[in-house]
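Take a look at the structure below.
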């Protein structure tokens, strides 16, 4: 069974298409129009071993907010579709990732319930042209449509680029672990409720 999906989303503000293969090798083809976001999405793909293709056109003449949020939404929809019935997955994932002086921890649960706790005190408001507030918007859009509980903590860091990169790398690693099939519970729903 190949766990993959294609989703397109078009609004008056954005036109986005996402393809994801959860059981991939970390190949990405990214064109959001926002260089720093593409760099962060590549971290998710590479460290999560997800094949990921994202094409986006947005109202960047206004700012990047709508594009970043809507990519999060569309990627969340594609992930939720690709994960399928969730039978036999590990369900929980966590990762600590350092980058020089920065360190982040991500813990998540493919719970069927959206929830986000993001704690990051970035040392700058912008990374190049990228507004760091949009990191929250991306993850909020993702979890609302992927239906996962996500805790992100940047534990330390002095360089905002490093802080952000550790978050996205740790997210990819944690998500990779959570979606892996656990041979000990093959074909079993990892919940006492019988559903996620």
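Laid out as a table, the results:
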{"item": "Pair list, Cβ < 7 Å and 6+ apart or interchain, from the range 6-32 residues that are in a strand (DSSP E or B) to residues that are modelled with pLDDT under 95", "result": "21/2"}
{"item": "Residue check, residue 41 in contact with a helix residue (DSSP H, G or I) (Cβ under 7 Å, 6 or more places away or on another chain) and either closer than 20 Å to residue 106 by Cβ or surrounded by fewer than 17 Cβ atoms within 10 Å (Cβ to Cβ) (or both)", "result": "no"}
{"item": "Near pairs, Cβ below 8 angstrom, 6+ apart or cross-chain, from the range 75-89 (on the phi > 0 side of the Ramachandran plot and surrounded by 17 or more Cβ atoms within 10 Å (Cβ to Cβ)) to any residue that is modelled with pLDDT under 95 and in a strand (DSSP E or B)", "result": "88/181"}
{"item": "Residues of the range 172-196 classified as surrounded by 14 or more Cβ atoms within 10 Å (Cβ to Cβ) and either closer than 16 Å to residue 91 by Cβ or free of Cβ contacts under 8 Å to residues at least 12 places away in the same chain (or both), total", "result": "13"}
{"item": "Condition broken by residue 17, with the remaining ones in (1) at pLDDT below 95; (2) touching a strand residue (DSSP E or B) at 6+ places or on another chain (Cβ under 8 Å) satisfied", "result": "(1)"}
{"item": "When residues of the range 107-119 are limited to those that are in contact with a helix residue (DSSP H, G or I) (Cβ under 6 Å, 6 or more places away or on another chain) and part of a loop (DSSP other than H, G, I, E, B), the one farthest from residue 95 (Cα to Cα)", "result": "114"}
{"item": "Selection count where residues are touching a helix residue (DSSP H, G or I) at 6+ places or on another chain (Cβ under 7 Å), assigned to a helix (DSSP H, G or I) and buried (at least 18 other Cβ atoms within 10 Å of the Cβ), scope the range 51-69", "result": "2"}
{"item": "Hits in the range 146-164 - residues which are under 16 Å from the mean Cα position of the chain (by Cα) and on the phi > 0 side of the Ramachandran plot", "result": "147"}
{"item": "Meets criteria (in a loop (DSSP other than H, G, I, E, B) and closer than 20 Å to residue 150 by Cβ) for residue 81", "result": "no"}
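The values are calculated or read from the model by the stated rules, or taken from the named source; none is laboratory data. Predicted model only: the values in this text are computed from it and were never measured. Methodologically, a virtual Cβ is constructed for each residue, glycine included, from the backbone with ideal geometry; neighbour enumeration extends over all protein chains shown.
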